[in-house]
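J.: This structure is in structure tokens; I'll ask about it shortly.
Each reported figure results from applying straightforward, stated rules to the coordinates on display, with no laboratory input. In this text the structure is predicted, and so the values were computed from the model without any measurement. Here the Cβ positions follow ideal geometry from the backbone for every residue, glycine too, while neighbour counts run over all protein chains shown.
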Amino acid sequence: MKLAPLLFGGITALVRAQTAAPYTDVKSGITFQAYQHTTGYFLGVALPENPTGNTDLIVTIGGKGTGWSGASLAGPMKNALLVLAWPNNNTIVSSFRKTNQYGSPPVPTGAFMQLPIANGTYTNTTHWTYTFVCSKCIQSDGTTFAANENTTVLGYALSSAAPSQKGNAASSVSKHSSQGQAAFDLVKARSKDFAMWKNWAAAPKVENAF
Ligand code: HEM
């Protein structure tokens with residue numbers, strides 16, 4: 001009679017596994033593999049058709065309300081390239097973050113850049129959305145997923161509380177109210193339209209509001 005508990009355990013594990021699904025932004029028309037959280041948080045990624053040697057991806061991240069949304073491009077919070085963004089009136093404030101300890105992560109230095117895509121960056125009555133080319137983001141040192149990976153796990157974190165200095169991209173934040181990891185099918189994230197979408201991006205901005 002050990003079968004039933006085993007089965008139930010298996011089903012629970014399946015339900016708990018969080019998986020990204022295809023998602024097309026209504027304004028930009030860019031198609032992502034995206035994870036959506038019940039709070040309204042979402043995280044999507046798009047990649048070029050040919051992964052060999054690629055360092056760039058398009059990220060869409062957003063949520064509801066005035067709190068922050070964050071992502072880990074490797075999965076864990078620690079020793080990973082993190083993306084952090086929040087709405088400030090009708091603009092989005094964003095930055096990269098990196099830390100080797102649990103606590104408000106500081107802004108790192110590096111060659112990576114965020115190039116905002118204007119038609120995928122907006123606030124409406126229910127959501128805010130920030131879409132950008134993450135240029136020189138994909139690393140081979142484990143701080144992000146690797147270019148040639150076909151599936152990966154990305155981390156998500158969100159807080160309903162706004163950062164203390166909303167206009168300052170380097171603001172400290174309080175701990176997330178929800179966090180976890182989600183499986184992404186990177187093969188499905190690849191698109192022949194990537195180069196066109198990438199061309200929509202504006203000049204690089206790393207720590208500014210736009
Ligand atoms: C004061 C700020 C923060 C504190 C104190 C903090 C602390 C923690 C702790 C203790 C965990 C382990 C799970 C748990 O015990 O809850 C965790 C997980 C996580 N955090 Fe943070 N965090 C902060 C900010 C952030 C930010 C800004 C991001 C992203 C931009 C982030 C991303 C994650 C992710 C993706 C996880 C899940 C994966 C993992 O467990 O490593 N965190 N955080």
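J.: Regarding residue 96, is this residue farther than 20 Å from residue 37 by Cβ, within 16 Å of the ligand (Cβ to nearest atom) and hydrophobic (A, V, I, L, M, F, W, C)?
T.: Numbers: farther than 20 Å from residue 37 by Cβ: yes; within 16 Å of the ligand (Cβ to nearest atom): yes; hydrophobic (A, V, I, L, M, F, W, C): yes.
Spelling it out, residue 96 is indeed farther than 20 Å from residue 37 by Cβ, within 16 Å of the ligand (Cβ to nearest atom) and hydrophobic (A, V, I, L, M, F, W, C).
Conditions tested, residue by residue: (1) within 16 Å of the ligand (Cβ to nearest atom); (2) of a type in the set (A, V, I, L, M).
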{"site": "106", "(1), (2)": "yes, no"}
{"site": "118", "(1), (2)": "no, yes"}
{"site": "161", "(1), (2)": "yes, yes"}
{"site": "172", "(1), (2)": "yes, no"}
{"site": "186", "(1), (2)": "no, yes"}
{"site": "193", "(1), (2)": "no, no"}
